[in-house]
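Where a number appears in this text, it was derived from the coordinates with a stated rule and is not lab data. Predicted, not measured: the structure shown is a model, and the values here were computed from it. Quick reminder, even Gly has a Cβ in these numbers, built from the backbone with ideal geometry, and neighbours come from all protein chains shown.
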Amino acid sequence: VPGRKTEKGEDMEFAPAVRRCLTEKYCSFKGRASRSEFWWFALFMLLINVAVNLVSGFLPSAAGNGLSALVSLAFILPNIGVTARRLHDRNLSGWWQLAPIVPTILLLAMIFTMSITETALVLLSLLAVAVAIWFLIMLILPGTLGPNRFGPDPLRSAPPDSAPGDPQ
């Protein structure tokens, strides 16, 4: 919603969102992240990955793979952290980001052990897609209004002495 402010009273735009995720909350899994903070950081990560892939194309295979792995390792904690905080904004545990992985792991395990039927393959594939769509919807929907069990609303300024769950 235009005009809504972050907890620091600023509009969350590209640079402040990236700065917050990479400096203030690099490895933070506590609190809440607004949709704008999450999606601006997602755009930043997309741009970083495009740049790394372009550079990797000009490098020998091993060097390009090494660069990709290094960048992935550097950004894994901020990615997990901002996703956990985004889920917190929906009043969900950050552990829900493992949900899309479970059907995929089951599917891969069954494929590699050759113990999968065509029906099971189709059902697990549909489950994986359904869980991924649900997860995407959770990231897209607005957060809970006001404080929740994970902290104050990131789009509203909270009084300095208020705690999660206190009426404002």
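Things to note:
- Gain on full stretching of the segment that runs from residue 138 to residue 70 - 0.36 nm per residue minus C-alpha separation: 21.6 nm
- Taken over segment 16-96, the percentage of Cα pairs per 10 Å bin, counting from 0 up to the bin with the maximum distance, is 20, 43, 25, 11, 1.
- Near residue 27, once Lys and Arg are set to +1 and Asp and Glu to -1 for all other residues with Cβ below 13 Å from its Cβ, the sum equals +3.
- Here the ratio of the Cα radius of gyration of the chain to 2.2 N^0.38 Å is 1.24.
- Computed E for residue 114/residue 62 - FRET, C-beta separation, R0 41 angstrom, nearest 0.05: 0.85
- The chain: angle of helix 61-89 to the longest principal axis, Cα-based, in degrees nearest 10: 40
- Convex hull of Cα atoms in segment 92-157, direction-averaged projection (nm²): 5.2
- In the elastic network of the chain, a GNM with C-alpha springs shorter than 10 Å, the most mobile of 112, 29, 75 is 112.
- For the chain, calculated [θ]222 nm from helices alone, where every DSSP H run of n ≥ 4 adds -39500 (n - 2.57): -19000 deg cm²/dmol
- Relative contact order of the chain, taken over Cα pairs closer than 8 Å and 6 or more residues apart, is 30 percent.
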